[in-house]
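Inspection log for the structure reproduced underneath, given as structure tokens.
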Amino acid sequence: MHVIVDPRGNLRCLYSEAIDLIALGCPVITRASAVEPGPDGRWWADLKPVNGPCIGPFPRRSEALRAEQEWLESNWLVSPALRQHRDDPLFEQPH
């Protein structure tokens with residue numbers, strides 16, 4: 001589980017039960033996206049709540065959930081410093 005701490009001490013993460021968030025303070029949990037079926041039964045990940053795209057379609061819900069998580073980790077859950085440098089070819093991201 002990745003947890004981002006901003007300069008004011010606020011935390012941001014993708015919810016998981018890996019860490020008891022209540023132990024870190026009073027959590028405010030909001031939905032960042034939704035995975036829903038389309039009219040043809042294929043799955044879409046709607047990331048508009050965090051100013052992201054609607055990605056899909058995927059034949060399986062599990063594939064849409066995986067794409068949703070990957071997009072959020074790469075585009076929403078990165079620190080501002082990393083976001084600023086990720087397109088720089090000389091900047092190597094930690095593994």
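Quick notes on this one:
- Region 2-19, residues that are of a type outside the set (Ser, Thr, Tyr), outside any strand (DSSP E or B) and either in contact with a helix residue (DSSP H, G or I) (Cβ under 9 Å, 6 or more places away or on another chain) or within 23 Å of Ile55 (Cα to Cα) (or both): His2, Asp6, Leu14
- Applying the condition of being touching a residue at least 24 places away in the same chain (Cβ under 8 Å) and within 19 Å of Pro39 (Cβ to Cβ) to region 50-71 and asking which residue is surrounded by the fewest Cβ atoms within 10 Å (Cβ to Cβ) yields Arg61.
- Evaluated against (1) within 19 Å of Glu73 (Cα to Cα); (2) out of contact with any Asp or Glu (no Cβ under 6 Å at 6 or more places or on another chain), Ser33 falls short on exactly one condition, (2).
Here, each number is a calculation from the coordinates, and none is a lab measurement. Since we're looking at a predicted model, the values are computed, not measured. Here Cβ is always computed from backbone atoms with ideal geometry, including for glycine, and neighbour counts include all displayed protein chains.
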